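Read the structure below first, then the notes.
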Amino acid sequence: MPNAPAPAVAAPKYLRRGKVKEVYEISPTELEFRFTNDISVFDKHIPSEIPHKGETLARTAAHWFELCSRLGVRHHFLGLSGPTSMRVRRVQVVPDPKTLGPGPKGYLVPLELIVRYYLAGSMWDRVKAGKVRPEELGFPAGKTVKFGARLPEPHFEVTTKLEPVDRLLPIPEALALAAIDRRQLDEIREIILRVDEAMQREIGPRGLLHVDGKKEFAVDRDGALMLVDTFGTADEDRFWDKDAYDRGRHVDFSKEFVRQHYRQTGYYDALQQARAAHQPEPPIPPLPPLLVDEVSRLYTTVYQRLTGEPFSATAAA
């Protein structure tokens, strides 16, 4: 008798699209992230594709999740499923976890957790504008600080995750929004510092400094915290070349390079003015073709510097 046909395997179900990745349902307990070559800054999707970006993000994220496994840090990563995709444990994504009832489990904590080690990025903007005083960052009162200064201690910040534009949150509001308590937030901070310390130990010999970065967490089905989404890539984190830093220069290995382009063209100022006035936001223009090539080289270079592995594309650009 002829063999019976194999049962059909259901195609992954498309669920949603984030700024740079698509999310598919594999099963009630498993998702697949598919990383695109898209790029975003200032919560705006740039109408340009960056060759090889998706593959570098997937492979870099996998590298750091494997580090977490060695550290004994819980995470949602199950494995790479292709050159630009990975499988992860699934949790519920709800804007208000309190709707899940008391002591909710198996949900995404709707916060982004940022730790800064050097004075850069939006924190530098706030210091320059007088919105943050140097002593709030651990410097002596009255001290004049410069861009790139190493912070006396890691600076921890919390922003929204599921709102159209991320906003900084005071700790009480963050706890209420995320349905977690102060003990859990302290645990999150300890996990981040532990992971970041291990990352710096690894990338230091490759001549990099970890400047700042963001991470996301979930409460798993057992009620324990686990690291989710992705981290430690050129999208979420900022890295500097150590030799250049020691000579007083700041050579970025992150998409700060792209942010600076839009600052220099005046787009960033126009965007901030529109947001402050609650006016329609100006559309972000595409990157010039030569800059697209440069940004693509940046992402492959960052992958190699972070992981110590050569980059050879296995997916179509």
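Answer with one residue from Pro172, Ile46, Leu298: the one whose Cα lies farthest towards the positive end of the charge dipole of the chain, charges on Cβ with Lys, Arg +1 and Asp, Glu -1.
Pro172
Report D for the chain in µm² per second (integer): Stokes-Einstein, Kirkwood Rh on Cα pairs, 25 °C, 0.890 mPa s.
Values: Rh = 21.0 Å.
Estimated diffusion coefficient is 117 µm²/s.
Answer with one residue from Phe311, Pro288, Val23: the one whose Cα lies farthest towards the positive end of the charge dipole of the chain, charges on Cβ with Lys, Arg +1 and Asp, Glu -1.
Positive-most Cα among the choices belongs to Pro288.
What whole number of Å gives the distance from the Cα centroid of region 195-221 to the Cα centroid of region 283-308?
Cα centres, region 283-308 to region 195-221: 21 Å.
Relative to the Cα centre, what is the charge dipole magnitude of the chain, using +1 at the beta carbon of each Lys and Arg, -1 at the beta carbon of each Asp and Glu, and rounding to the nearest 20 debye?
Values: 45 positive and 44 negative charges, 39 e Å.
That gives the chain a dipole magnitude of about 180 debye.
With a sphere of radius 10 Å drawn around the Cβ of Cys68, what net charge do the other residues whose Cβ falls strictly inside it have (Lys, Arg +1; Asp, Glu -1)?
Net of charged neighbours comes to +2.
Projecting each Cα onto the charge dipole of region 142-277 (Lys/Arg +1, Asp/Glu -1 at the beta carbon, about the Cα centre), which of Met226, Val145, His155 comes out farthest on the positive side?
About the Cα centre, the residue reaching furthest to the positive side is Val145.
As a footprinting exposure proxy, order Ile50, Ile191 by other Cβ within 10 Å, with the fewest listed first.
Ordered by Cβ neighbours within 10 Å, fewest first: Ile191, Ile50.
Longest span of the chain, sites excluded, free of trypsin sites (Lys or Arg not before Pro) in DSSP loop with at most 16 other C-beta atoms within 10 Å?
It runs 20-104.
Would you kindly calculate the mean projected area, averaged across all directions, of the convex hull enclosing the Cα atoms of region 156-217, in square nanometres?
Answer in nm², one decimal: 4.8.
Determine the sum of side-chain charges near Val211: Lys and Arg each +1, Asp and Glu each -1, restricted to other residues whose C-beta is under 10 angstrom from that of Val211.
Value of the local net charge: -1.
Give me the distance between the Cα centres of region 242-274 and region 96-156, rounded to whole Å.
Here the answer is 19 Å between Cα centres.
For region 232-244, take each phi angle, set θ = phi - 60°, evaluate the Karplus expression 6.51 cos²θ - 1.76 cosθ + 1.60, and give the result in whole Hz per residue in order, putting x for glycine and proline.
Values, residue by residue: x, 9, 5, 7, 8, 10, 10, 10, 10, 6, 5, 4, 5 Hz.
What pairs in Lys44/Lys214; Lys19/Lys255; Lys128/Lys242; Lys21/Lys255; Lys19/Lys242; Lys143/Lys242 have C-alpha atoms more than 20 Å from each other?
Going by Cα-Cα distance, Lys128/Lys242; Lys19/Lys242; Lys143/Lys242 fall outside the 20 Å limit.
Remind me, relative contact order of the chain in percent, using alpha carbon pairs under 8 angstrom and six or more residues apart?
Here the relative contact order equals 19 percent.
I need Met226, Met86 ordered by Cβ neighbour count within 10 Å, fewest first.
Met226, Met86
Each reported figure results from applying straightforward, stated rules to the coordinates on display, with no laboratory input. Bear in mind the structure is a predicted one, so any value in this text is a computation, not a measurement. Cβ: placed from backbone, ideal geometry, glycine included. Neighbour counts: every protein chain shown.
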